[in-house]
Amino acid sequence: MRIALLEDEYEQAQHVQSMLSERGHHCDSFPAGQSFLSAVLHRSYDLLILDWQIPDMTGIDVLESVRAQLNWSIPVVFLTQRDSEADVVRALDAGADDYLAKPAREAELVARINALARRINPDSDKEVLIYGPFEVNTQRRIITLHGEELTLTDKDFDLTLFLFQNQGRLLTREMLLERVWGLARDINTRTVDTHMSRLRRRLGLNPENGFRIKTIYQRGYRLESMKTPEAETADIVETDRAANG
């Protein structure tokens with residue numbers, strides 16, 4: 001997973017980053033709330049780890065900003081020295097998914113993170129996935145629309161499955177290159193844009209079929225369901241952010 005860590009103590013941040021890296025995760029560390037929020041709102045992370053006491057704002061403030069501004073429920077873990085029952089309750093009420101007191105036991109922290117990772121994608125082990133009129137057979141690697149098999153390349157299938165499994169979530173080009181193509185995220189390529197343009201046509205992503213791929217200016221893409229008004233609200237928010245820099 002790609003994890004963002006909010007931790008102002010350098011040695012503690014290095015320790016957590018090293019521990020997660022050894023277990024195959026990528027972890028970016030930030031020492032202050034504003035830099036952390038900027039990264040989280042403009043990049044694609046799978047999970048957040050928050051300290052409570054940081055220089056410019058509280059971890060609770062950061063959590064509330066994340067929940068208010070991200071339009072998908074990214075898992076959030078508090079890792080902090082504050083361990084009173086009142087603090088735990090406050091964090092969970094504010095939208096945290098888990099809470100650990102420092103110093104956290106490494107095996108426990110990793111186990112809790114892995115548990116949340118499974119919660120992100122509970123259907124990952126299913127052979128057949130249904131998304132409106134689309135049926136995705138993960139074993140045969142075919143996708144049908146209204147019962148008709150679509151003509152897709154292997155990479156088209158991988159990209160489509162990843163999009164459906166992350167509906168409503170901003171997916172940066174960097175993240176798509178990492179997860180779908182297995183390429184370094186700093187490679188300058190239009191591969192993602194080309195495939196997205198093709199998928200729009202091949203998948204029939206339109207109001208009649210219930211989904212669309214939304215291009216987020218200078219950031220990436222998001223697969224949106226057309227059945228609820230949330231997508232339109234999200235468009236307004238994204239447009240305002242782009243206009244305000």
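The values are calculated or read from the model by the stated rules, or taken from the named source; none is laboratory data. It should be emphasised that the depicted structure is a prediction, and the values quoted were computed from it without experimental measurement. Cβ atoms come from the backbone with ideal geometry, glycine included; neighbour counts cover every protein chain shown. Side chains are part of the model used for accessible areas, which takes the heavy atoms of the whole protein and leaves out ligands, DNA and RNA. Shrake-Rupley method; radii C 1.70, N 1.55, O 1.52, S 1.80 Å.
Quick one: with all protein chains in place, what share of the accessible area of the chain is carbon or sulfur, to the nearest percent (1.4 Å probe)? Before the final figure, lay out the partial values.
Details: 5790 of 12510 Å².
In the chain, the share of accessible area belonging to carbon and sulfur is 46 percent.
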Karplus-derived 3J(HN,Hα) from phi for segment 199-205 (6.51 cos²θ - 1.76 cosθ + 1.60, θ = phi - 60°), whole Hz, x at Gly and Pro, runs 5, 3, 7, 5, 8, x, 7
Looks like segment 12-78, by Cα gyration tensor root eigenvalues a ≥ b ≥ c and the a/c under 1.5 rounded cutoff (else prolate when a/b is bigger than b/c, oblate otherwise), is oblate
Rounded to the nearest 10 Å², the 1.4 Å probe accessible area of E108 is 50
Between the modelled labels at V128 and D56 (7 Å from Cα along Cα→Cβ) the distance in nm is 5.1
With a ≥ b ≥ c from the Cα gyration tensor eigenvalues, square-rooted, and the rule rounded for a/c under 1.5, otherwise prolate when a/b > b/c and oblate otherwise, segment 122-183 is prolate
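With a sphere of radius 9 Å drawn around the Cβ of D28, what net charge do the other residues whose Cβ falls strictly inside it have (Lys, Arg +1; Asp, Glu -1)?
So the surrounding residues net to +2.
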Scoring the chain by relative contact order with C-alpha pairs under 8 Å, at least six apart, yields a percentage of 12
